[in-house]
């Protein structure tokens, strides 16, 4: 990045002209405050519009589920149109992200359907949510790429009696990155806002530009998909034990039930 150096002598004249210009234009403190208020009002209006769009799209999804007795032929291009029409690019990214993020997190079976499996039931784990956001962003013409993240369940606010059901607390997470302003940034829609009350790192405040919080507040390792051929390579490389089915089944049932209880309990 270029750095510009100014002496006091060379700075004086431009600064004087700037002050005169501000006076002539009537740009006093009141005008600046008014501009700031207008900007804040615009931000609040866009947040309200995004919220309305998400509510309306969820209603359409629910109606489609009731209409079809089998797999719904979801069209992600229509999703994108419904969620982003009338929004600027940054707000459009936020709308798509929040739409996926607010789908409740629930560990369940995985059957890849090119990003639409999350909407078959209206909930899902990191695999379902990553795929949905990945394909929604792609449908919107954005550049995205998948990554895998090594993390530890012990770094999440999960009760010990649930965490102790598994002997290996490390696992691999389905993550993704989006290119913004020429650089890839990490975005994670995993935890829905109903889980914030107990300390999950929810990303409901994403600004549409910066990296989001990671899957946990602890140490994580982000691994590009180009670095490995199959997931078994990562288990061997990082010394992570494969999940035991009997342990995993008990853990999943207990965790899903606890998360449901959190969402149904009003915050004091």
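The values are calculated or read from the model by the stated rules, or taken from the named source; none is laboratory data. The structure presented is a predicted model; accordingly, all values stated were derived computationally and were not measured. We place every Cβ from the backbone using ideal geometry, glycine too, and count neighbours over all the protein chains shown.
Within the range 107-143, track down each residue that is surrounded by 19 or more Cβ atoms within 10 Å (Cβ to Cβ), touching a helix residue (DSSP H, G or I) at 6+ places or on another chain (Cβ under 8 Å) and under 20 Å from residue 171 (Cα atoms).
Selection gives 124, 128, 129, 131.
If I go through the range 238-252 residue by residue, how many of them are in contact with a helix residue (DSSP H, G or I) (Cβ under 8 Å, 6 or more places away or on another chain) and not in a helix (DSSP H, G or I)?
Residues of the range 238-252 in contact with a helix residue (DSSP H, G or I) (Cβ under 8 Å, 6 or more places away or on another chain): 240-242, 251.
Applying the additional criterion that residues be not in a helix (DSSP H, G or I) yields 240-242.
Adding up the residues that qualify gives 3.
When you scan the range 183-192, do you find a residue that is touching a residue at least 60 places away in the same chain (Cβ under 8 Å), in contact with a helix residue (DSSP H, G or I) (Cβ under 7 Å, 6 or more places away or on another chain), outside any loop (DSSP other than H, G, I, E, B) and within 19 Å of residue 143 (Cβ to Cβ), even just one?
yes
Residues are listed down the side, and each one gets a yes or a no for (1) modelled with pLDDT of 90 or more; (2) surrounded by 11 or more Cβ atoms within 10 Å (Cβ to Cβ); (3) under 23 Å from residue 193 (Cβ atoms); (4) in contact with a strand residue (DSSP E or B) (Cβ under 6 Å, 6 or more places away or on another chain):
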{"site": "22", "(1), (2), (3), (4)": "no, yes, no, no"}
{"site": "29", "(1), (2), (3), (4)": "no, no, no, no"}
{"site": "37", "(1), (2), (3), (4)": "no, no, no, no"}
{"site": "62", "(1), (2), (3), (4)": "yes, yes, yes, no"}
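Restricting the search to the range 193-207, which residues are in contact (Cβ under 8 Å) with a residue 24 or more places away in the chain, surrounded by fewer than 19 Cβ atoms within 10 Å (Cβ to Cβ) and within 22 Å of residue 89 (Cα to Cα)?
Within the range 193-207, 204, 207 meet the criteria.
For residue 213, all conditions in the list (1) touching a residue at least 40 places away in the same chain (Cβ under 8 Å); (2) assigned to a loop (DSSP other than H, G, I, E, B); (3) surrounded by 16 or more Cβ atoms within 10 Å (Cβ to Cβ); (4) under 14 Å from the mean Cα position of the chain (by Cα) hold save one; what is the number of the exception?
Exception for residue 213: condition (1).
Inspect all residues belonging to the range 87-96 and state whether any of them is over 23 Å from residue 213 (Cβ atoms), out of contact with any strand residue (DSSP E or B) (no Cβ under 8 Å at 6 or more places or on another chain) and at pLDDT 95 or above.
Here is the first cut: in the range 87-96, the ones over 23 Å from residue 213 (Cβ atoms) are 87-88.
Filter once more, keeping what is out of contact with any strand residue (DSSP E or B) (no Cβ under 8 Å at 6 or more places or on another chain): 87-88.
Narrowing further to those that are at pLDDT 95 or above: 87-88.
Yes, the range 87-96 contains a residue that is over 23 Å from residue 213 (Cβ atoms), out of contact with any strand residue (DSSP E or B) (no Cβ under 8 Å at 6 or more places or on another chain) and at pLDDT 95 or above.
Being under 14 Å from residue 51 (Cα atoms) and not in a helix (DSSP H, G or I) is the filter here; which residues of the range 85-109 pass it? Talk me through it step by step, then tell me what you get.
Within the range 85-109, the subset under 14 Å from residue 51 (Cα atoms) is 85-87, 91-103.
Those that are under 14 Å from residue 51 (Cα atoms) and not in a helix (DSSP H, G or I): 85, 86, 87, 102, 103.
Please enumerate the residues belonging to the range 162-184 that are touching a strand residue (DSSP E or B) at 6+ places or on another chain (Cβ under 6 Å) and under 21 Å from residue 134 (Cβ atoms). Can you show your working first?
First, the residues of the range 162-184 that are touching a strand residue (DSSP E or B) at 6+ places or on another chain (Cβ under 6 Å): 169-170, 172-173, 175-178, 184.
Selection gives 172, 173, 175, 176, 177, 178, 184.
Evaluate the range 222-233: report whether one residue or more is farther than 23 Å from residue 150 by Cβ, exposed (fewer than 12 other Cβ atoms within 10 Å of the Cβ) and more than 18 Å from the chain's Cα centre (by Cα).
For the range 222-233, residues farther than 23 Å from residue 150 by Cβ, exposed (fewer than 12 other Cβ atoms within 10 Å of the Cβ) and more than 18 Å from the chain's Cα centre (by Cα): absent.
When only residues in the range 217-231 that are part of a helix (DSSP H, G or I) and free of Cβ contacts under 8 Å to residues at least 40 places away in the same chain count, which is farthest from residue 165 (Cα to Cα)?
So the first thing to find is which residues in the range 217-231 are part of a helix (DSSP H, G or I), and the list is 225-227, 231.
So of that shortlist, the ones also free of Cβ contacts under 8 Å to residues at least 40 places away in the same chain come out as 226-227.
Details: 226: 33, 227: 31 Å.
Among those residues, the one meeting the criterion is 226.
Taking only the range 130-182 into account, find how many residues are part of a loop (DSSP other than H, G, I, E, B) and under 18 Å from the mean Cα position of the chain (by Cα). Can you show your working first?
Residues of the range 130-182 that are part of a loop (DSSP other than H, G, I, E, B), as a first pass: 140-143, 156-159, 164-169, 181-182.
Remaining after also requiring under 18 Å from the mean Cα position of the chain (by Cα): 140-143, 156, 181.
Of the residues in that region, 6 qualify.
Can you tell me which of (1) assigned to a helix (DSSP H, G or I); (2) out of contact with any strand residue (DSSP E or B) (no Cβ under 7 Å at 6 or more places or on another chain) is the one residue 234 doesn't meet?
Evaluating residue 234 over (1) assigned to a helix (DSSP H, G or I); (2) out of contact with any strand residue (DSSP E or B) (no Cβ under 7 Å at 6 or more places or on another chain) leaves (2) as the failure.
Scan the range 67-84 for residues that are part of a helix (DSSP H, G or I) and either in contact with a strand residue (DSSP E or B) (Cβ under 7 Å, 6 or more places away or on another chain) or closer than 14 Å to residue 113 by Cα (or both) and report the count. Write out each step before concluding.
The initial filter retains those residues of the range 67-84 that are part of a helix (DSSP H, G or I), namely 67, 76-84.
Still in the running and either in contact with a strand residue (DSSP E or B) (Cβ under 7 Å, 6 or more places away or on another chain) or closer than 14 Å to residue 113 by Cα (or both): 76.
Summing the residues that are part of a helix (DSSP H, G or I) and either in contact with a strand residue (DSSP E or B) (Cβ under 7 Å, 6 or more places away or on another chain) or closer than 14 Å to residue 113 by Cα (or both) in the range 67-84 gives 1.
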